[in-house]
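Encoded as structure tokens, the structure appears first; notes follow it.
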Amino acid sequence: MLLSASLCVEYGKHGGSVLWLHYMQRVPFVCGNWKMHKTVSESIALVNALSSRLTDTSVEIGVAPAHTSLYAVKKALADDRIRLVAQNVHEAPRGAFTGEVSMEMLLDVGCDYVLVGHSERRHIFGESDELVAQKVRTVLAGGLRVILALGETLDERKQGSTLMTVRRQLTSGLEGLSEDELAKVVLAYEPVWAIGTGLSASPDQAQEVHRALRTQISDGWGSEASTKLRIQYGGSIKPANAQALFSQLDIDGGLVGGASLLAEDFADICEAALT
């Protein structure tokens, strides 16, 4: 990765060869969250198109199909270059929970990650910070990795409480985790006001929050853990703005919604993480 002018400024602010070394060691991770889109056949077609386009292994890539397509997409993946991500999991191992999916089921279909705490789960389905934290522990105990999403609403940003909100969500979501467990977590900062709206946080706005989250991780788990932790940005990422966002020192890829449904757009975004 080339050292851009903006990264030189950030490097000068935060300084230190150890920090820069760990930054260079963080492999960017771009994950497409397909939400409630794509049939099985459409999902297979999309992942096949992505597989033929995305050949560089210096960026980690994930796709999160609907639960009905997980098994078929896993079979369609010729190798492990593209990670399989589940959009949700129930916190209990099994039981009378109609419509839910367990860790055992996700392991059985070959998932690598589980997305937890997405704003649509929090705000549409009423998942509390406490429930999100339970799901984080369920995923880690089950042997998979977590993408933990967090972010503020438009009202919270207008009130100046963005950092208070994301810090609260982070504290709850990661409470009690060991450094080894933390190493299996990817954070995804997704301002709620930017998801599916066409609006996006500016690179400076996103960097401010990412830096605050990394500082909080340093306070809780130490500087080495914080500089290794990957933090994605999510919220109306498009080919046009991806490179500007990904060039920020503390942004390590993206959690992509609508643009991940189009193979060319998603591939362009993934390739922007290389530059």
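Structure above, values below:
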quantity: Number of the exception - Asp180 against (1) within 26 Å of Leu84 (Cβ to Cβ); (2) in contact (Cβ under 8 Å) with a residue 12 or more places away in the chain; (3) over 15 Å from the mean Cα position of the chain (by Cα); calculated: (2)
quantity: From Ala225, Ala206, residue being touching a Ser or Thr at 6+ places or on another chain (Cβ under 9 Å), more than 27 Å from Glu156 (Cα to Cα) and among the small types (Gly, Ala, Ser); calculated: Ala225
quantity: Tally, over segment 65-97, of residues that are over 16 Å from the mean Cα position of the chain (by Cα) and under 17 Å from Ile44 (Cβ atoms); calculated: 15
quantity: Residue that is polar (S, T, N, Q) and closer than 26 Å to Lys35 by Cα, where the choices are Ser223, Ser178, Ser247, Ser200; calculated: Ser200
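Read-outs: derived from the displayed coordinates by stated rules, not from any lab. All values derive from a computational prediction rather than experimental measurement. Because the Cβ atoms are built from the backbone with ideal geometry, glycine has one as well, and the counts that use them run over all protein chains shown.
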